[in-house]
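Below: one structure, written as structure tokens.
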Amino acid sequence: MTDLEKDYFEKITYRDAIRLAIHDSMLDDKNIIVMGEDVAAYGGAYGATKDLLKIFGKDRVIDTPISEPAIVGAAIGAAMTGLRPIAELMYVDFFGMSMDQIANQAAKIRYMFGGQISVPMVLRTQGGTGRSGGAQHSQSLESWIMHTPGLFLSMPSKPNDAYHLLKKALKTDNPTIFIEHKLLYNTTGPLDKKKPDENFGKAKIRMEGSDLTIISYSRMTNFAEEAAAILLNDDIRAEVIDLRTLNPLDKETIINSVNKTKRAIVVSESYYTSSVASEITSIIFENCYKTLKKPVIRYTGEDTPVPVAPNLEKAYVPTVEKIVEYSKKIVKD
Amino acid sequence: MTQTNSLLPDLYKTMKKVRTFEERVSELFIKGETAGTMLHLSIGEELASTCVAKAMDEKDTFTTHHRGHGIFLAKGGNPNRMMAEIAGKKDGYCKGKGGSMHIADMKLGHLGANAIVGGGIPTVIGAALSYKYLKKPQVSIAFFGDGAMQQGILYESMNMASLWNLPVVFCCVNNQYGMGTKIDDAVGKKDFAARAQSFGLNTLHINDLDVEKAFHNSKDVIEKARKYQPGFIEIECYRFYGHARMDKSPYRNSEEELKSRKERDPISFAKEALIRDNLLDLDEINKMDESISVEMDEAMNYAIGSPLNDTEEIFNDVYSNDMPSPKSVDERIKKILSVK
């Protein structure tokens, strides 16, 4: 890994920001271990753990068998007995295999045992469309996690957030699910290690505006920003909120913004029904119904499995063009 | 007492404690003082509850299945706090929020009982990874029933134990029934030890009532695990009563139950051996039984007397203490309605 010592990067990939966060955290805390399928010799299916084996050795960077339930379960046991494991699930879709350990064990151990013990583990995984992975390698399953009390959930969109939020997740005692996006790994942005913007649970206003609020997270934040830039041509000023973490969820920033702009679009790659977008829409309605001028728009992936064909996959998820179209409609109509 | 080096008196005492405790749980239920009816008693399984738990070192850790009262008690669980937990009371190990199936005591190395069959098994893999990495001479033991022998996660865990040479022991308490399904109706080939052997684990199959022998043999497996040779112990026994308190056992006949209670009772067997080998006489045994009975009565009364939690307790312990607890639904609704 290059530039391990640098504190400031004008331009770094999301992937390298994740790698650096793991690397720097492992230097700080010798009880952090990394475990998962192909995380060591291969360097992670998406390269996020590349070179860590060379640097930290096989006691701390552990290739596991293809046993997702036991990977998560072992991370739980290690977390209960003095370590701070980072377990990796190669695809978020493998929640299907390991949901008992995630939702019935990790999420509930602290509560069931009356607060005697915490489960300070981070489960890193990645999701989303964009590589024709099909219905079992392209999903956005964050609502499964958000639906389960006890789990922290972070889905950063920028390298700087990915670095600082992951580092922060490795300090909290709450089991944290960290969902990256497969199409974000090659995106770039600045990283300032010295300016820790690590307020886990606080959303960030990416662009300020007064005409409508676009609420998003992960890759869709970038779409929202693009859309907001285009809307400026029509003199429409959109406020773009990047949630960064879904639990804790920064309701205050959402509510304050929508009360100001009186219009809202929630953009997410996940399903339309019973989703993160549904939840945020409810929050807006409950708290802003007196100020709302238009119905809240839930703009999401379709309520179907994810198709493989590139044209279908692309049409399956929100587009910048449609965000612009819907925004114009609720502002101008 | 003639042979002071025999462990049988102590093992008998532990088994008797387990049975008496479970009988009091049953009584607590009849009095309407338990939290619910999901109470899985280990009566008939006392040898299994005792031999491995007593063979563990003080710092060894373990997880149990839902039928884990006996194991916890044998490892040193406090009967008062256990009973209070089963009653859902404030003084219980988990403040009454875990109950019978989710009881735990980190100080004692009890990493938790589990209500998902096989759910607690991989926990010991992680614990053992910790001990190996931190160079602590501890062993972690997963207890589970014969039902979990049919769960995939057991084999994922066995493979990891073997692959990474972990200080782990898998302990199957085979009581012949998965709820109401007899083992013959759930298992293709009834050779659990062979399954474990195929993963390269040291295996021990216990299928008699000699608790002292079971203790020593279990100890061997545990000590090998401490030297990074993971093990598997199967203890065959018979669940004297139903699956849970409400189970009237329609799936098996009372003849089978009565026969098993007569022929497979580890406590009667140990009692006879104590007398036969002049380790304790009947008077001494009766006195011991009586003091256990008093102790467990006290536990039952402690549970009955322990206060209930304030309902605010619902919201504690979801997240670490530096995080705000979730707000109640009532509070949320009132906040929404208060907007002018």
Is there a simple number for the mean count of other chain Cβ atoms within 10 Å of the Cβ of residues in B:109-122, and what is it?
5
What distance in nm lies between label points placed 7 Å from Cα along the C-beta direction at residue A:131 and residue A:205?
3.6
In nm, to one decimal, how far is the modelled label at residue A:38 from the one at residue B:182, with both set 7 Å along Cα→Cβ?
4.8
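So if we plug the beta-carbon distance of residue A:286 and residue A:51 into 1/(1 + (r/R0)^6) with R0 = 56 Å, what FRET efficiency do we get, rounded to 0.05? Provide the component values of the computation, followed by the final result.
Numbers: r = 47 Å, r/R0 = 0.85.
Step by step, r from the Cβ atoms, then E = 0.75.
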Diffing segment A:32-48: the Karplus 3J(HN,Hα) column from phi (6.51, -1.76, 1.60, θ = phi - 60°), in whole Hz with x for Gly and Pro, holds 7, 10, 10, 9, x, 6, 6, 7, 8, 4, 7, x, x, 4, 10, x, 6
Rank these for me by crowding, A:213, B:37, going from fewest to most other beta carbons within 10 Å.
B:37, A:213
What does the structure give for A:116-127 when I average, per residue, the other chain Cβ atoms found within 10 Å of the residue Cβ?
2
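When the helix-only estimate is applied to chain B (DSSP H runs of n ≥ 4, each -39,500 (n - 2.57), divided by the residue count), what is the mean residue ellipticity at 222 nm, nearest 500 deg cm²/dmol?
For chain B, the value works out to -14000 deg cm²/dmol.
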If you line up the long axis of helix B:121-133 against the longest principal axis of chain B, both from Cα atoms, how many degrees apart are they, to the nearest 10?
80
What lysines sit close enough to residue B:135 to cross-link, taking a C-alpha to C-alpha distance under 18 Å and skipping anything fewer than 8 places away on the same chain?
A:30, A:58, B:59, B:224, B:227
Vicinal HN-Hα couplings computed from phi for segment B:286-301 (Karplus, 6.51 cos²θ - 1.76 cosθ + 1.60; Hz; Gly/Pro x):
4, 5, 4, 4, 5, 5, 5, 4, 5, 4, 6, 4, 4, 4, 5, 5
When only Cα pairs under 8 Å and 6 or more residues apart are kept, what is the percent relative contact order across segment B:1-156?
22
Residue B:107-residue B:331 FRET efficiency (beta carbon distance; Förster radius 25 Å; 0.05 resolution):
0.15
Listed by chain and number, the lysines with an alpha carbon less than 21 angstrom from that of residue A:294, same-chain partners under 8 positions apart left out, are A:251, A:260, A:262, A:322, A:328, A:329, A:332, B:340
Counting other C-beta atoms within 10 Å, which of B:166, B:337 has the fewest, and how do the rest follow?
B:337, B:166
Reach of residue A:54 by Cα under 20 Å, taken over aspartates and glutamates that are not fewer than 8 positions away in the same chain:
A:3, A:5, A:16, A:24, A:28, A:29, A:37, A:38, A:63, A:88
I need to check one value: relative contact order of chain A, counting alpha carbon pairs closer than 8 Å and at least 6 residues apart, in percent.
16
Starting from the Cα gyration tensor of the protein assembly as shown, take the square roots of the eigenvalues, sort them a ≥ b ≥ c, and report rounded, prolate or oblate (rounded when a/c is under 1.5, otherwise prolate if a/b is larger than b/c, else oblate).
prolate
Shape of segment B:8-337 from its Cα gyration tensor (a ≥ b ≥ c, root eigenvalues): rounded if a/c is under 1.5, otherwise prolate when a/b > b/c, or oblate?
oblate
Pseudo-spin-label distance residue B:282 to residue B:27, built 7 Å along Cα→Cβ, given in nm, is 2.4
Added length on full extension, which subtracts the Cα-Cα distance from 0.36 nm per residue, residue B:163 to residue B:314:
50.2 nm
For A:8, B:302, what's the fewest-to-most ordering of other Cβ within 10 Å of each Cβ?
A:8, B:302
Do any GluC sites (Glu not before Pro) in segment A:1-60 lie in a loop, going by DSSP, with at most 12 other beta-carbon atoms within 10 Å of their beta carbon, and if so which?
A:5
Under the rule rounded for a/c under 1.5, else prolate if a/b exceeds b/c, else oblate, using alpha carbon gyration tensor axes a ≥ b ≥ c, segment A:1-124 is classed as prolate
For segment B:54-66, 3J(HN,Hα) per residue [Karplus equation, 6.51 cos²θ - 1.76 cosθ + 1.60, θ = phi - 60°, Hz, x = Gly/Pro]
6, 8, 6, 6, 3, 8, 5, 10, 7, 10, 10, 7, 5
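Of the listed peptides A:167-175, B:5-13, what is their order by residue-averaged count of other C-beta atoms within 10 Å, with the highest listed first?
So the order, starting with the most tightly packed, is A:167-175, B:5-13.
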Would you mind counting up the charge near residue B:90? Only other residues with Cβ under 15 Å from its Cβ, with Lys and Arg at +1 and Asp and Glu at -1.
-3
Of the DSSP beta bridges with both residues in chain A, give the percent that are antiparallel, rounding to the nearest 5.
20
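Quickly estimate the mean residue ellipticity at 222 nm for chain A, helices only: each DSSP H run with n ≥ 4 gives -39500 (n - 2.57), and the total goes over all residues, rounded to 500.
Calculated at 222 nm, the ellipticity per residue is -10000 deg cm²/dmol.
FYI, it's all coordinate maths here, none of it is from the lab. All values reported here derive from a predicted model rather than from experimental measurement. Backbone-built Cβ (ideal geometry, glycine too); neighbour counts: all protein chains shown.
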